[in-house]
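Here's the structure, in structure tokens; my notes come after.
The values are calculated or read from the model by the stated rules, or taken from the named source; none is laboratory data. Predicted, not measured: the structure shown is a model, and the values here were computed from it. Don't worry about glycine lacking a Cβ; one is built from the backbone with ideal geometry, like all the others, and counts go over all protein chains shown. Ligands, DNA and RNA are stripped out before the accessible areas are found, and what is left, the full protein with its side chains, is counted by its heavy atoms. Shrake-Rupley method; radii C 1.70, N 1.55, O 1.52, S 1.80 Å.
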Amino acid sequence: MDTIVPADAIARLKSVVGPKGVVEGADAEPYFHEQRGLYRGAALAVLRPAATEEVAQLVAICAEARLPVYPQGGNTGLSGGAVAGKDGVLINLGRMNRVRALDALNFTITAEAGCVLAELQRAAEAADRLFPLSLGAEGSCQIGGNLSTNAGGINVLRYGNARELALGLEVVLPDGRVWNGLRGLRKNNTGYDLKQLFIGAEGTLGVITAATLKLFPRPREVETALVGLKRVEDVMELFARARAATGDQLTGFELIPRIGIDNVVQHGQGFHDPLAARHPWYALVEISTSRSGANLRAALEALLAVAMAANLVQDGTIAESEAQRRELWRIRAGVAELQEKLGGSIKHDVSVPVSKVAEFIVRGSTAVGARLPGIRPYPFGHVGDGNIHFNLMQPAGADKSVYLKRWAEFNRIVHDIVVSLGGSISAEHGIGLMRRDELAHYAAPLELEMMRRVKAALDPDGIMNPGKVL
Ligand code: FAD
Ligand code: 2HG
Ligand code: ZN
């Protein structure tokens with residue numbers, strides 16, 4: 001076989017996508033930008049194919065030329081997974097954004113990988129269905145990226161994460177062949193469930209080009225409350241009571257610490273303290289049902305009244321309208337989005353069994369405070385799933401760059417506690433570049449060996465998103 005010099009390969013790649021699919025010069029900058037400013041991407045070419053067949057041709061050329069392929073969706077990932085290297089080709093799926101089919105009776109939707117999550121939600125809603133995956137970046141993240149990271153978000157408690165919502169995939173393999181696994185079946189026991197390999201693989205095993213996803217009946221009643229509590233143990237006791245009282249109607253249960261409320265009130269636009277007094281902890285509780293006339297409002301009021309009588313909940317507010325409900329969720333989103341206003345932030349996206357959440361937060365906060373007095377733990381997130389964003393803000397007035405140099409040191413303190421509680425060092429954002437060394441440290445050797453074997457079997461030349469995950 002003739003060796004292709006990369007220059008020839010690049011010309012061939014560009015001709016596959018045509019001028020509309022080639023991004024150059026300053027226009028390429030956003031594709032190299034990484035959310036947290038921790039990495040900077042580069043690439044021999046930034047290509048935006050318009051169809052699966054084009055992706056297949058691109059990957060085939062890259063395979064022939066042994067050029068690394070860096071898949072990218074909405075570039076909202078928080079772990080550096082979509083950061084391309086200067087030795088390879090960045091393939092952004094954004095132009096492949098069509099909904100191919102919606103089968104209302106089968107409760108499924110089939111969409112291309114570049115379909116923005118919010119658009120997918122809207123397409124489902126237009127057919128009186130719900131696509132329940134929901135997260136802060138839904139206006140720009142893409143379903144291909146959601147599946148590749150096995151994204152979680154605010155409705156996992158009720159509907160599961162991206163993995164649980166996928167019924168079938170179409171994937172371009174690292175040799176350029178297309179696997180059509182787009183089945184809309186809830187039952188299909190025909191050997192290994194191959195789609196699962198690509199979900200959560202962060203682009204290291206192939207390029208997802210389309211997916212068939214589960215839909216659900218649309219909620220007819222939604223009730224949302226924000227409540228203030230004294231102790232994080234009380235938050236988790238409220239969670240237990242909420243689950244027992246409302247069963248599978250509990251859709252979201254999010255933790256917000258006081259420091260998060262202070263941050264949004266101080267640094268956000270148009271926020272005010274949601275309750276009359278200050279409380280150390282807040283829980284955002286949402287229940288919903290697809291049945292009309294269920295009177296969820298009464299159920300939520302009863303739950304909170306009992307919890308207040310038991311001195312568990314100190315105060316609370318129930319949204320009176322959709323606008324008020326959105327306002328409560330805007331606080332939650334602001335808690336995440338405005339973190340950097342407090343300076344350097346060392347991230348942990350961890351999970352522990354729900355029964356260990358309170359113990360984890362107390363032990364974690366104590367341990368990091370002992371190592372660095374003045375450090376500001378900022379734990380928030382999806383505690384109903386056992387998932388805590390245990391982010392650590394620099395001490396007020398500290399030097400940000402000096403603080404951030406201690407990233408690995410604090411990761412070790414926090415992750416050791418997580419693992420001792422039977423938890424995971426990566427709950428929903430994935431490994432990417434950020435947690436690759438932590439995965440190598442904490443995963444069992446046999447697990448790593450199996451992962452490497454899968455990688456070698458599907459991508460023997462190691463061209464798919466090299467340097468990520470493993
Ligand atoms: P990208 O960032 O482009 O890529 C992510 C990874 O997937 C990379 O490894 C990339 O190579 C790979 N990839 C992308 N597309 C493909 C494809 N078609 N085929 C193969 N590989 C591909 N995440 C959560 O889980 N829960 C949250 O609640 C949440 N909230 C967020 C809030 C904000 C404000 C922000 C900025 C991010 C949040 N995230 C959250 C993280 C992020 O939105 C998710 O990880 C999302 O799933 C990434 O999708 P993306 O399209 O942006 O993927
Ligand atoms: C969220 O739940 C996101 O808001 C962001 O997953 C988490 O910033 C983070 O660490
Ligand atoms: Zn999250």
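Check Gly73 against each of (1) modelled with pLDDT of 95 or more; (2) open to solvent by 10 Å² or more (accessible area, probe 1.4 Å); (3) over 25 Å from Val171 (Cβ atoms); (4) not aromatic (Phe, Trp, Tyr) and name the one condition it does not meet.
Exception for Gly73: condition (3).
Quick one: count up the residues across segment 86-95 that are open to solvent by 20 Å² or more (accessible area, probe 1.4 Å) and not acidic (Asp, Glu).
2
Kindly indicate which of Gly168, Gly184 is of a type in the set (Gly, Ala, Ser) and part of a loop (DSSP other than H, G, I, E, B). Reasoning before the result, please.
On the way: Gly168 fails: part of a loop (DSSP other than H, G, I, E, B).
Among Gly168, Gly184, only Gly184 is of a type in the set (Gly, Ala, Ser) and part of a loop (DSSP other than H, G, I, E, B).
For segment 7-29, indicate whether the set of residues that are part of a loop (DSSP other than H, G, I, E, B) and surrounded by 15 or more Cβ atoms within 10 Å (Cβ to Cβ) is non-empty.
no
For segment 306-401, which fully contained strands (runs of 3 or more DSSP E) count at least 1 residues that are of a type in the set (Val, Ile, Thr) and modelled with pLDDT of 95 or more?
Fully inside segment 306-401 and qualifying: 313-318, 349-351, 387-393.
Going by the conditions given, is Val222 at pLDDT 95 or above, part of a helix (DSSP H, G or I) and of a type in the set (Val, Ile, Thr)?
In short, no.
With the requirement that a residue be among the hydrophobic types (A, V, I, L, M, F, W, C) and under 30 Å from Leu67 (Cα atoms), what does segment 181-220 give you?
Once the filter is applied, which keeps residues that are among the hydrophobic types (A, V, I, L, M, F, W, C) and under 30 Å from Leu67 (Cα atoms), segment 181-220 yields Leu182, Leu194, Leu197, Phe198, Ile199, Ala201, Leu205, Val207, Ile208, Ala210, Ala211.
Quick check on segment 365-385. Is at least one of its residues more than 16 Å from ligand 1 (Cβ to nearest atom), open to solvent by 10 Å² or more (accessible area, probe 1.4 Å) and under 17 Å from Phe239 (Cβ atoms)?
No - not one qualifying residue is present in segment 365-385.
Residues of segment 286-305 being in a strand (DSSP E or B), out of contact with any helix residue (DSSP H, G or I) (no Cβ under 6 Å at 6 or more places or on another chain) and not hydroxyl-bearing (Ser, Thr, Tyr), which ones?
Within segment 286-305, Glu286 is the sole residue that qualifies.
Of (1) open to solvent by 10 Å² or more (accessible area, probe 1.4 Å); (2) within 16 Å of ligand 2 (Cβ to nearest atom); (3) within 30 Å of Leu67 (Cα to Cα), Val178 satisfies all except one. Which?
(2)
Evaluate segment 148-159: report whether one residue or more is away from ligand 1 (no atom under 14 Å from the Cβ) and surrounded by fewer than 18 Cβ atoms within 10 Å (Cβ to Cβ).
Scanning segment 148-159, I find no residue that is away from ligand 1 (no atom under 14 Å from the Cβ) and surrounded by fewer than 18 Cβ atoms within 10 Å (Cβ to Cβ), so the answer is no.
Output the residue which, of all residues in segment 129-147 that are outside any loop (DSSP other than H, G, I, E, B), surrounded by fewer than 23 Cβ atoms within 10 Å (Cβ to Cβ) and not charged (D, E, K, R), is nearest to ligand 1 (Cβ to nearest atom).
Ser134
Within segment 33-42, is there a residue that is surrounded by 20 or more Cβ atoms within 10 Å (Cβ to Cβ) and closer than 22 Å to Cys115 by Cβ?
Looking through segment 33-42, none of the residues is surrounded by 20 or more Cβ atoms within 10 Å (Cβ to Cβ) and closer than 22 Å to Cys115 by Cβ.
Can you confirm whether Asp234 is part of a helix (DSSP H, G or I), of a type outside the set (Val, Ile, Thr), in contact (Cβ under 8 Å) with a residue 12 or more places away in the chain and farther than 24 Å from Lys455 by Cβ? Working first, answer last.
Working: part of a helix (DSSP H, G or I): yes; of a type outside the set (Val, Ile, Thr): yes; in contact (Cβ under 8 Å) with a residue 12 or more places away in the chain: yes; farther than 24 Å from Lys455 by Cβ: yes.
It is true that Asp234 is part of a helix (DSSP H, G or I), of a type outside the set (Val, Ile, Thr), in contact (Cβ under 8 Å) with a residue 12 or more places away in the chain and farther than 24 Å from Lys455 by Cβ.
Can you name the condition, by its number, that Asp193 falls short on among (1) within 16 Å of ligand 3 (Cβ to nearest atom); (2) open to solvent by 50 Å² or more (accessible area, probe 1.4 Å); (3) out of contact with any Gly (no Cβ under 9 Å at 6 or more places or on another chain)?
(1)
Which is in a helix (DSSP H, G or I) and crowded, with 23+ Cβ neighbours inside 10 Å, of Gly252, Gly247, Gly260?
Sole residue among the options that is in a helix (DSSP H, G or I) and crowded, with 23+ Cβ neighbours inside 10 Å: Gly260.
Regarding Ala276, is this residue within 25 Å of Val156 (Cα to Cα), out of contact with any Pro (no Cβ under 7 Å at 6 or more places or on another chain) and without any contact (Cβ under 8 Å) to a residue 60 or more places away in the chain?
Values: within 25 Å of Val156 (Cα to Cα): no; out of contact with any Pro (no Cβ under 7 Å at 6 or more places or on another chain): yes; without any contact (Cβ under 8 Å) to a residue 60 or more places away in the chain: yes.
When the stated conditions are applied, Ala276 does not pass them.
Does Leu304 satisfy the condition of being surrounded by 15 or more Cβ atoms within 10 Å (Cβ to Cβ) and within 20 Å of Leu255 (Cβ to Cβ)? Talk me through it step by step, then tell me what you get.
Working: surrounded by 15 or more Cβ atoms within 10 Å (Cβ to Cβ): yes; within 20 Å of Leu255 (Cβ to Cβ): yes.
Taking the combined requirement at face value, the residue satisfies it.
May I ask you to list the residues in segment 328-344 that are closer than 17 Å to Ile375 by Cα, under 18 Å from the mean Cα position of the chain (by Cα) and more than 12 Å from ligand 1 (Cβ to nearest atom)?
Matches in segment 328-344: none.
Between a first residue in segment 321-343 that is over 17 Å from Met393 (Cα atoms) and touching a residue at least 24 places away in the same chain (Cβ under 8 Å) and a second residue that is in a helix (DSSP H, G or I) and more than 10 Å from ligand 1 (Cβ to nearest atom), which pairs have beta carbons less than 6 Å apart while being 6 or more apart in sequence or on different chains?
As it stands, the answer is Ile331/Val264, since those pairs meet every condition given.
Name the residue, out of Leu433, Leu439, that is touching a residue at least 40 places away in the same chain (Cβ under 8 Å), open to solvent by 20 Å² or more (accessible area, probe 1.4 Å) and either more than 16 Å from ligand 3 (Cβ to nearest atom) or over 17 Å from the mean Cα position of the chain (by Cα) (or both).
Details: Leu439 fails: touching a residue at least 40 places away in the same chain (Cβ under 8 Å).
Selected residue: Leu433, the only one of Leu433, Leu439 that is touching a residue at least 40 places away in the same chain (Cβ under 8 Å), open to solvent by 20 Å² or more (accessible area, probe 1.4 Å) and either more than 16 Å from ligand 3 (Cβ to nearest atom) or over 17 Å from the mean Cα position of the chain (by Cα) (or both).
Out of all the residues in segment 160-177, which are among the aliphatic types (A, V, I, L, M) and either free of Cβ contacts under 8 Å to residues at least 40 places away in the same chain or over 22 Å from Asn106 (Cα atoms) (or both)?
Ala162, Val171, Val172, Leu173
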